[in-house]
Amino acid sequence: QVQLVESGGGLVQAGGSLRLSCAASGSIFNRAVGWHRQAPGKPRELVAHISSGGWTNYLNSVKGRFTISRDDAKNTVSLQMNSLNTEDTAVYYCAAKRLYSTSWDYWGQGTQVTVSS
């Protein structure tokens, strides 16, 4: 079992930066981890994910602005968000997969990111 806790959300002006962190209670070694977000009235979307081997993939709208990274020794995954715009406003969730799973099995409680114009 893995418990995930996000931190680092807040209010930032457009063009600014935030760094989100996801701390896992158990080992994330050999687990894919992803950052998802959900804006009011919109479905949840996968923003970025990183495989156990460090391969990364991003939502097109955040490519070049967001960077996901992991530190397995510290059981943490971070999302550096630069050049934020108002469309990035959402609750951001960290999620992890069980080994060999194709679904996101473990979720954090989410952290609010609000970008003001």
Applying the Karplus parametrisation 6.51 cos²θ - 1.76 cosθ + 1.60 with θ = phi - 60° to the phi angles of the range 87-98, what ³J(HN,Hα) value in whole Hz is obtained for each residue in order, glycine and proline being reported as x? 6, 7, 5, 4, 8, 9, 10, 9, 9, 9, 9, 5
FRET efficiency, Ser27 to Asn60 (Cβ-Cβ, R0 30 Å, nearest 0.05): 0.45
Scoring only Lys, Arg, Asp and Glu (+1, +1, -1, -1) among other residues with Cβ under 11 Å from the Cβ of Ala90 yields 0
Dividing the surface of the Cα convex hull of the chain by four yields a projected area in nm² of 6.7
Just to confirm, what accessible area per residue do you get for the chain at 1.4 Å probe, in whole Å²? 52
If amide H atoms are modeled at 1.01 Å from N in the peptide plane, then the residues at a separation of 5 or more from Ser52, or on another chain, having amide H under 5 Å from its own are Ala32
Accessible area of the chain belonging to carbon and sulfur atoms, whole % at 1.4 Å probe: 48
In whole Å, what is the distance between the alpha-carbon centres of the range 24-49 and the range 72-117? 5
Give me a comma-separated list of calculated 3J(HN,Hα) values for the range 110-116, in order, Karplus coefficients 6.51, -1.76, 1.60 applied at θ = phi - 60°, integers in Hz, x for any Gly or Pro. x, 9, 7, 10, 10, 10, 9
Residue-ordered couplings for the range 33-39, obtained by feeding phi - 60° into the Karplus form 6.51 cos²θ - 1.76 cosθ + 1.60 and rounding to whole Hz (Gly and Pro as x), are 10, x, 10, 10, 9, 9, 8
Between Asn85 and Gln112, Cβ-based FRET efficiency (R0 22 Å, step 0.05) works out to 0.85
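The values are calculated or read from the model by the stated rules, or taken from the named source; none is laboratory data. Since the structure is predicted, the reported quantities are computational estimates derived from the model, not experimental observations. Glycine gets a Cβ as well: all are built from the backbone with ideal geometry, and neighbour counts include every protein chain shown. For the accessible areas, the whole protein counts, side chains as well, though only heavy atoms, and no ligand, DNA or RNA atoms are used. Shrake-Rupley method; radii C 1.70, N 1.55, O 1.52, S 1.80 Å.
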